[in-house]
1. Which ³J(HN,Hα) values in Hz, rounded to whole numbers, follow from the phi angles of the range 331-337 under the Karplus curve 6.51 cos²θ - 1.76 cosθ + 1.60, where θ = phi - 60° and Gly and Pro get x?
2. Helix 130-141 versus the longest principal axis of the chain: what angle, 0 to 90°, nearest 10, using Cα atoms?
3. Restricting to DSSP H runs of at least four residues, report the calculated mean residue ellipticity at 222 nm for the chain, -39500 (n - 2.57) per run over all residues, nearest 500 deg cm²/dmol.
4. Just the number, please: percent antiparallel of the DSSP beta bridges in the chain, rounded to the nearest 5.
5. Take the chain, mark every one of the GluC sites (Glu not before Pro) that falls in a DSSP loop and has at most 14 other Cβ within 10 Å, then report the longest stretch left between them, sites excluded.
6. With axes computed from alpha carbons, what is the tilt in degrees of helix 231-246 against the longest principal axis of the chain, rounded to the nearest 10 within 0 to 90?
7. List nothing, just return the count: lysine pairs in the range 147-314, 8 or more apart or interchain, with Cα separation under 30 Å.
8. Between His294 and His307, what is the label-point separation in nm under the 7 Å Cα-to-beta-carbon projection?
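A short reminder: the numbers here are calculations on the coordinates, not readings from a lab. All figures in this text were calculated on a predicted structure; none of them were measured in a lab. Don't worry about glycine lacking a Cβ; one is built from the backbone with ideal geometry, like all the others, and counts go over all protein chains shown.
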Amino acid sequence: MSYFERMIKKAEGLRSKEDVLILAIETSCDETSAAVVKNGRTVLSNIISSQVEVHKAYGGVVPEIASRKHVEAINQTIDEALRTSNTAMSDIDAIAVTYGPGLVGALLVGVSVAKALAFGLSVPLIGVHHIEGHISANYIEHPELVPPYLCLVVSGGHTMIVLVKDYGVYETMGQTLDDAAGEAFDKIARTLGLDYPGGPAIQRIAQSGDPDAFDFPRVTIKDNPYDFSFSGLKTAVINNIHNLRQAGKPIPAADVAASFQKAVVDVLTDKTVSCALALNMNRLAVAGGVAANHLLKDQLEHTARRHGIKLYRPSPVLCTDNAAMIGCAGYYRLLRGDIKDLLLNAVPYLPLSKI
């Protein structure tokens, strides 16, 4: 019997085990994270080593630096996750790891370590799609949430509306055709001279601004009403700032930030709720780093409630990249018998439809 066949049999045996402990690893961008998750929804530990301060000097993530920092942090992050959860390495039943999408060098660090651990412990290896992880973060704090439901995934690299048909079964209803919402936040923040990451910086300064000071565009896509485009909005805001500077006028940064943020949130809310109504979905989840934005939460919640739709959102720590969400998604993949062999590789542009 081959190694992979033995792992398949082990995975089958775990389905009837009372408590399944998964060690999860996430290194898709600039957070090195490890977590121990029990039965998919109970987080025993969730350790996150952030590189934000390192990349802040460059105004964004530098892939080569991110990869090196993951190498430096990964072992101690895993050790801390095991220690905090009071779990021995020998107690681990399976290893889950993000294998795409993301920065290829960063992903390779996590995938390489996960494969080594799975082989050394002789336990199943589970490959998890990063977006699937973000979606699954909602299960951790909302035990009543089960498929089917609609989920808005909105982060620095992704903006999409996903129909969650079942655990591990997804259909993309709409997605960005250019910039992700979080990417647009970062670029506008940089143009305004604000700190990285841009989302929290825009949110802070927007609190004192007038969201109606500027009438920035809300883009509608003719071919698919649920697709997004933020490049036109980003260009309009940047051009407005440049025009004011060239005219020697002061930049009302708070008003620009508030008006830009309102334009993004209006589009995200309108398209997502419209999609939920068209699909007759009464449960709506939101996930990803931008899900931590207060205006988005409030506007989505208010609009959804008005239409009889229940909104689910993880707490801020589970909105950002973390390994707990990967352990959650990995558990349901394990139950489906979806495990990987030791040839698993990083896939930086992995589509959700291909998992």
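1. 4, 6, 5, 4, 4, 7, x
2. Its long axis makes an angle of about 80 degrees.
3. Working: 12 runs with 161 residues, N = 355.
Result for the chain, helices only: -14500 deg cm²/dmol.
4. Taking every DSSP beta bridge within the chain, about 60 percent pair in antiparallel fashion.
5. Result for the longest clean stretch: 145-355.
6. Between the helix axis and the principal axis of the chain, the angle is about 40 degrees.
7. Count of close lysine pairs: 26.
8. The answer from the label model is 2.6 nm.
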